[in-house]
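Since the structure comes first, as C-alpha cells, the remarks are kept for the end.
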Amino acid sequence: MKKIFILVGIIVFLITSCAPSRVPNITREPDIRMHIRVPSKGNVWFFDRGKLIPMEYTAGYVERDLMKQALKLDMVKILRISMQGDRALLKIRNKKPTFYTRFNPTEIEVARFIVQGDKKQRYIEVVSKIGSTMGYIEPEEDSIGFNYAKTSGEIFRITLKESLRVGEYGIVVFGGAAGYSVYDFAITE
C-alpha cells in the first residue's frame, strides 16, 4: 500500500512540475475609471470611436496533435483549436485595438491564428499540462503581449503592446466547460 502512495506521489509531482512554464507577456497597469457605458450583455468588446462593440464567441473545436505531443516528451498535451472559415466576421482597421472584457486577463491570451485556406479554417496551438485547461500559445511569436487595467466594476481594459500585422487574430479564454472560448477578429488595411 505504501508503494502505491509513493508511486501516486511521483506521478502527481511529474504532472504538476512539468511544462507549461512560459509566462505570458502581460502586464497589469493601475486601475482606471471608465467613462463609457458597458452593455449588460456580452463578455468581450472592441472599443471603437467611444463605443463598445460586442464580440461574438466563435464556435470551434479542439483536436489533439499526437505527433507533436510525442516529440515533446513532456507531461503536456498539445491541442489545436480550430475554427471554421478562413476569415473572422469582425474587421478592424486599427492596428493596435483596445478591448474590454469581463474575463480575468490572467486567463486569456491574444493570439495570431494560422489560416489554412485550402481547408477553410483557422487554428492556433495550445500547450498545457495534462489535466489542465490553462496553457499557452505555441509558437511563442503567435502570442500577442498586452497590458490590462481594471476599470469600474469587474471590467478589464486590454491594450496590446505591439501593433498587429494584417491577419487573423483572436482573444482566447482558458477554462470553462468547453476548455477554451475564442473571440476572433481580423486586422485589415
Sole miss for Y148 among (1) over 26 Å from E63 (Cβ atoms); (2) modelled with pLDDT of 80 or more; (3) over 17 Å from the mean Cα position of the chain (by Cα) is condition (3)
Verdict on E189 being surrounded by fewer than 20 Cβ atoms within 10 Å (Cβ to Cβ), modelled with pLDDT under 90 and farther than 19 Å from T98 by Cβ: yes
Filter pass, K96 being more than 26 Å from K41 (Cα to Cα), modelled with pLDDT of 75 or more and part of a loop (DSSP other than H, G, I, E, B): no
Checked against (1) out of contact with any helix residue (DSSP H, G or I) (no Cβ under 7 Å at 6 or more places or on another chain); (2) modelled with pLDDT of 80 or more; (3) surrounded by 15 or more Cβ atoms within 10 Å (Cβ to Cβ), R165 satisfies every condition except (3)
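The values are calculated or read from the model by the stated rules, or taken from the named source; none is laboratory data. Bear in mind the structure is a predicted one, so any value in this text is a computation, not a measurement. Glycine gets a Cβ as well: all are built from the backbone with ideal geometry, and neighbour counts include every protein chain shown.
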